[in-house]
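Colleague: If you scroll down you'll find the structure; I have some questions about it.
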Amino acid sequence: MSLLSNTSALLGKELRTEFRSRELLTTTVVFILMVIVLFSFTFDPTSSESRRFGPGLLWLAFLFAASLMLQPCFLREQANDTLSALRLSVDDPFAIFLGKLIANTCFLLLTELLLLPIFAVLYNVPILPVLGWLVLVLFLGSLGVSIAGTALSAVSAQARMRELLLPLLLLPLLTPVLVASTQVTAALLDSAPYVEWKGIGFLAVFDLVFLTALWLFGEYLLEE
Amino acid sequence: MNPPRMIGAGLHFENIDKRYGSLFALRHVTLEIAAGECVVLAGRNGSGKTTLLRIAAGLARPSSGSLAFLSAKGATADGRIKTGFVAHATMVYDELTAEENLLLFARLQGIPDAQNRVQSLLADVDLADRRDSLVRTFSRGMRQRVALARALLREPSILLLDEPATGLDPDGTAWLARTLRRLRGSGCTMLMSLHGESEISAMATRAVRLDTGKVVADTASGASLKSILTFADA
Amino acid sequence: MAKQTIAAALVLLLVAAAAYAAFFVAPTERSMGLIQRIFYLHVSSAWTGLIAFFICFLSNLTYVFSRKPRWDWLGVSSAEVGVTFTTVVLITGPIWAHPVWGIWWTWDARLTSTFVLWLLYVSYLLLRTLIEEPDRRALLSALFGIFAFLDVPLVFGAIRWWRTQHPQPVIMGAPGSGLDPRMRSVLLFCWLAMMALMAFLMRQRYQLEAMRGEVEVIQREAEGQ
């Protein structure tokens with residue numbers, strides 16, 4: 001059937017599965033919280049330092065969490081070989097990736113939005129005036145993390161040491177996302193907030209490049 | 001159960017090789033299966049049965065050689081022939097209910113009137129009363145039934161089964177044999193891998209034995225059915 | 001065999017000539033003196049490393065569409081050689097920085113980007129060690145290699161735009177600063193020598209991989225009997 005209908009059916013499956021158990025979401029939220037708290041022990045979280053370090057720490061925490069959260073993505077399709085069932089049922093294998101990466105973006109975004117107010121309180125940063133823009137950068141950054149992470153999850157699921165492999169492959173690849181997202185976030189949380197348009201454009205380009213690459217090469221990632 | 005009107009199709013494997021690194025899973029396999037045949041693939045573990053079935057299902061591609069589908073009349077089919085695949089693994093999601101699983105695959109495959117089709121299939125495999133239970137709670141036999149229902153969603157002309165009776169108790173095996181006989185009655189071609197003789201192997205019209213990826217015996221060339229099946233575990 | 005030795009000798013000669021040029025032909029830089037000469041090694045290695053990774057990228061693409069093992073052999077060879085040259089860049093950077101500024105590492109934009117580049121391709125090589133089946137290993141590492149190379153301009157771009165706000169020592173001079181024509185010639189010559197070395201090392205590594213591949217074919221044929 002069409003890419004759109006297949007993607008939405010698969011997206012529905014991913015969302016339904018996760019919201020039924022909520023195990024990924026809860027563990028990811030707790031993990032990010034833990035990282036944020038631990039980071040606070042490594043420097044003095046007074047006002048000026050928080051603003052300097054805060055955004056970077058936040059995105060670093062998101063990246064670490066994502067590299068763990070994205071592991072089960074293709075791994076869980078191995079248990080009952082449901083990946084084969086999916087491959088047999090869809091016309092375009094890209095639908096499998098698209099469904100999963102949209103779901104992963106939603107999960108990441110959800111955990112980030114849950115943690116944003118906590119982060120704001122712990123580090124004394126004002127998020128309300130720039131909330132809309134923050135959501136935008138969270139979205140674009142999470143999308144980039146998701147696209148790369150979903151693709152590489154398919155790779156690491158076929159190798160040994162997959163728990164360590166996914167972070168190893170993913171984190172260097174996501175350096176541009178870390179740099180740009182941190183920059184945009186820092187600009188928004190600055191004492192004189194501004195929108196770093198170059199950063200937002202850059203994130204959009206990153207997302208587009210890797211989405212296209214996944215579209216072109218995804219089917220080979222699923223080959224037997 | 002009302003068997004769907006399935007007209008079988010044939011399969012032609014031409015000089016198929018499949019290798020993984022330096023290992024040949026299949027070597028020079030040429031085999032023609034006519035529409036409506038019920039063929040048993042016998043052989044030890046690692047003889048290539050699963051690989052051949054997965055190639056027929058379209059999950060794996062041969063390293064060399066080709067696979068063609070034949071219409072019921074024996075001519076090469078132009079359109080896509082619908083195949084159904086029942087594997088060792090159930091290929092359904094434990095965290096979804098039987099109904100959710102079938103609806104998902106029905107939607108993905110674009111089955112018209114999915115809801116009704118799913119309900120009738122659930123009835124056919126005697127799982128209508130467990131449609132809202134998570135597959136995780138099912139016994140092995142029940143999981144096989146969901147797996148079979150999934151394979152039958154698009155009314156395949158060829159049914160491929162990889163050791164479908166593994167882990168089934170005698171009741172389960174009897175049920176499977178009955179169901180497969182009914183499907184045969186509607187003209188569906190079947191290619192299945194089995195270990196040894198059983199109720200299920202009894203309905204075979206032909207048997208082929210594989211050893212280390214090669215075809216070593218075929219009832220079509222004169223070998224006896226019994227000899228192929230019983231040597232399987234030697 | 002003789003051809004190999006001649007090639008090796010030529011490359012060695014070229015590298016020796018380049019070293020000579022760097023030490024004796026190039027003029028001494030005004031402020032930094034002798035240590036600045038490491039610039040020729042540093043920059044030519046950086047360019048060569050990038051070219052090796054580009055060759056890796058092209059091999060990866062070709063492998064995915066042709067599935068001929070020789071493109072996988074070329075892929076791993078070029079990646080390893082690229083990592084080697086990139087390591088040289090990462091080592092010569094601090095060697096140069098320390099006498100000049102008293103610090104080992106400056107988080108200079110290009111050096112930092114090179115570090116990420118190094119990490120990316122080390123991951124590529126690590127990935128290969130974690131997949132046993134050769135065809136699967138070739139395909140998956142080729143796909144990761146493609147993603148990695150697509151990331152390279154994004155890495156350099158992001159770091160250059162957003163990690164160079166604070167004034168910091170820029171290794172080897174800011175881009176666009178004029179080069180004395182003699183320095184330029186020596187740099188180009190050194191680069192030529194590095195490229196020759198790259199080609200030679202890649203060829204050696206490729207042949208090693210090809211031999212392994214051929215042993216595999218022989219094994220396969222033997223089993224097929």
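Colleague: Are any residues in the stretch B:36-47 touching a residue at least 40 places away in the same chain (Cβ under 8 Å) and surrounded by fewer than 24 Cβ atoms within 10 Å (Cβ to Cβ), and if so, which ones?
Modeller: Once the filter is applied, which keeps residues that are touching a residue at least 40 places away in the same chain (Cβ under 8 Å) and surrounded by fewer than 24 Cβ atoms within 10 Å (Cβ to Cβ), the stretch B:36-47 yields B:G36, B:E37, B:C38, B:V39, B:R44, B:G46, B:S47.
Colleague: When you check B:F105 against the structure, is it more than 10 Å from chain A (Cβ to nearest Cβ), within 23 Å of A:L222 (Cβ to Cβ) and out of contact with any Asp or Glu (no Cβ under 9 Å at 6 or more places or on another chain), yes or no?
Modeller: no
Colleague: Now, a different point. Could you go through the stretch A:84-106 and let me know if any residue there is over 28 Å from C:R128 (Cα atoms), out of contact with any Cys (no Cβ under 7 Å at 6 or more places or on another chain), of a type in the set (V, I, T) and within 13 Å of another protein chain (Cβ to nearest Cβ).
Modeller: Yes, the stretch A:84-106 has at least one match.
Colleague: Looking at (1) surrounded by fewer than 21 Cβ atoms within 10 Å (Cβ to Cβ); (2) under 19 Å from A:R87 (Cα atoms), which is the only condition B:E163 fails?
Modeller: Going through the list (1) surrounded by fewer than 21 Cβ atoms within 10 Å (Cβ to Cβ); (2) under 19 Å from A:R87 (Cα atoms), B:E163 breaks only (2).
Colleague: Can you pull out the residues in the stretch A:27-41 that are in contact with a helix residue (DSSP H, G or I) (Cβ under 9 Å, 6 or more places away or on another chain), surrounded by fewer than 18 Cβ atoms within 10 Å (Cβ to Cβ) and farther than 13 Å from A:F119 by Cα?
Modeller: Once the filter is applied, which keeps residues that are in contact with a helix residue (DSSP H, G or I) (Cβ under 9 Å, 6 or more places away or on another chain), surrounded by fewer than 18 Cβ atoms within 10 Å (Cβ to Cβ) and farther than 13 Å from A:F119 by Cα, the stretch A:27-41 yields A:T27, A:F31.
Colleague: Something else now. For the stretch A:205-223, indicate whether the set of residues that are within 23 Å of C:F144 (Cβ to Cβ), within 9 Å of chain C (Cβ to nearest Cβ) and at pLDDT below 95 is non-empty.
Modeller: yes
Colleague: Given the criteria surrounded by fewer than 20 Cβ atoms within 10 Å (Cβ to Cβ), more than 10 Å from every other protein chain (Cβ to nearest Cβ) and at pLDDT 95 or above, does A:G201 qualify?
Modeller: yes
Colleague: Kindly state which strands (runs of 3 or more DSSP E) lie completely within the stretch B:18-85 and contain at least 1 residues that are of a type in the set (D, E, K, R) and within 14 Å of chain C (Cβ to nearest Cβ).
Modeller: Counting at least 1 such residues, we get B:23-33.
Colleague: If you go through the stretch B:127-159 one residue at a time, how many are loosely packed, with under 15 Cβ neighbours inside 10 Å and in contact (Cβ under 8 Å) with a residue 40 or more places away in the chain?
Modeller: 1
Colleague: Tally time: how many residues in the stretch C:21-50 are exposed (fewer than 11 other Cβ atoms within 10 Å of the Cβ) and part of a helix (DSSP H, G or I)?
Modeller: The total comes to 2.
For every residue, the table says whether it meets (1) over 23 Å from A:S5 (Cβ atoms); (2) surrounded by 15 or more Cβ atoms within 10 Å (Cβ to Cβ); (3) within 20 Å of the chain's Cα centre (by Cα); (4) among the aliphatic types (A, V, I, L, M).
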residue	(1), (2), (3), (4)
B:K49	yes, yes, yes, no
B:R54	yes, yes, yes, no
B:A89	yes, yes, yes, yes
B:E100	no, yes, no, no
B:R107	no, yes, no, no
B:Q115	no, no, no, no
B:V118	no, yes, yes, yes
B:L122	no, yes, yes, yes
B:V125	yes, yes, yes, yes
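Colleague: Being in a loop (DSSP other than H, G, I, E, B) and either within 15 Å of C:F53 (Cβ to Cβ) or not β-branched (V, I, T) (or both) is the filter here, so list the residues in the stretch C:116-140 that pass it.
Modeller: C:L130, C:E132, C:E133
Colleague: Could you tell me whether any residue of the stretch B:156-164 is within 13 Å of chain A (Cβ to nearest Cβ) and part of a helix (DSSP H, G or I)?
Modeller: There is no residue in the stretch B:156-164 that is within 13 Å of chain A (Cβ to nearest Cβ) and part of a helix (DSSP H, G or I).
Colleague: Only residues that are part of a helix (DSSP H, G or I), in contact (Cβ under 8 Å) with a residue 12 or more places away in the chain and closer than 15 Å to A:F39 by Cα: list them for the stretch A:110-129, please.
Modeller: A:L115, A:I118, A:F119, A:L122, A:Y123
Colleague: Now a separate question. Of the residues B:G141, B:G185, B:G196, B:G172, which is away from every other protein chain (no Cβ under 14 Å), within 17 Å of B:G10 (Cα to Cα) and either over 12 Å from the mean Cα position of the chain (by Cα) or of a type in the set (D, E) (or both)?
Modeller: Residue meeting the stated conditions: B:G185.
Colleague: Considering each residue of the stretch A:189-213, count those that are in a loop (DSSP other than H, G, I, E, B) and polar (S, T, N, Q), and give that number.
Modeller: Matching residues across the stretch A:189-213 total 1.
Colleague: A further question on this structure: Which one is surrounded by the most Cβ atoms within 10 Å (Cβ to Cβ), of the residues in the stretch A:161-178 that are of a type outside the set (K, R), more than 7 Å from chain C (Cβ to nearest Cβ) and over 14 Å from the mean Cα position of the chain (by Cα)?
Modeller: A:L164
Colleague: When only residues in the stretch C:116-140 that are more than 7 Å from chain A (Cβ to nearest Cβ) and buried (at least 22 other Cβ atoms within 10 Å of the Cβ) count, which is farthest from A:S153 (Cα to Cα)?
Modeller: Looking at residues that are more than 7 Å from chain A (Cβ to nearest Cβ) and buried (at least 22 other Cβ atoms within 10 Å of the Cβ), I get C:L117.
Yes/no per residue for (1) crowded, with 21+ Cβ neighbours inside 10 Å; (2) within 12 Å of the chain's Cα centre (by Cα):
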{"residue": "A:F43", "(1), (2)": "no, no"}
{"residue": "A:D92", "(1), (2)": "no, no"}
{"residue": "A:A95", "(1), (2)": "yes, no"}
{"residue": "A:N104", "(1), (2)": "yes, yes"}
{"residue": "A:E112", "(1), (2)": "yes, yes"}
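Colleague: Now, a different point. Quick check on the stretch A:179-198: of everything there that is in contact with a Leu (Cβ under 9 Å, 6 or more places away or on another chain) and facing another protein chain (nearest Cβ under 9 Å), which residue is farthest from B:Y20 (Cα to Cα)?
Modeller: The selected residue is A:E196.
Colleague: Continuing with the same structure: Answer with yes or no whether B:D94 is within 8 Å of chain A (Cβ to nearest Cβ) and either outside any helix (DSSP H, G or I) or within 18 Å of the chain's Cα centre (by Cα) (or both).
Modeller: Yes: the conditions hold for B:D94.
Colleague: While we're looking at this one, here's another question. Tell me which residues, restricted to the stretch A:13-41, are touching a residue at least 24 places away in the same chain (Cβ under 8 Å) and within 14 Å of another protein chain (Cβ to nearest Cβ).
Modeller: A:K13, A:E14, A:L15, A:E18, A:L24
Colleague: Could you list all residues from the stretch C:93-115 that are over 21 Å from C:I51 (Cα atoms), part of a helix (DSSP H, G or I) and either within 13 Å of chain A (Cβ to nearest Cβ) or in contact with a Ser or Thr (Cβ under 9 Å, 6 or more places away or on another chain) (or both)?
Modeller: C:P94, C:A97, C:V100 - these are the residues of the stretch C:93-115 that are over 21 Å from C:I51 (Cα atoms), part of a helix (DSSP H, G or I) and either within 13 Å of chain A (Cβ to nearest Cβ) or in contact with a Ser or Thr (Cβ under 9 Å, 6 or more places away or on another chain) (or both).
Colleague: Could we say that B:I55 is closer than 22 Å to B:P164 by Cβ, modelled with pLDDT of 95 or more and not acidic (D, E) here?
Modeller: yes
The values are calculated or read from the model by the stated rules, or taken from the named source; none is laboratory data. The model shown is predicted, which means the values in this text are computed figures rather than measured ones. Virtual Cβ from ideal backbone geometry, glycine too; neighbours counted across all protein chains shown.
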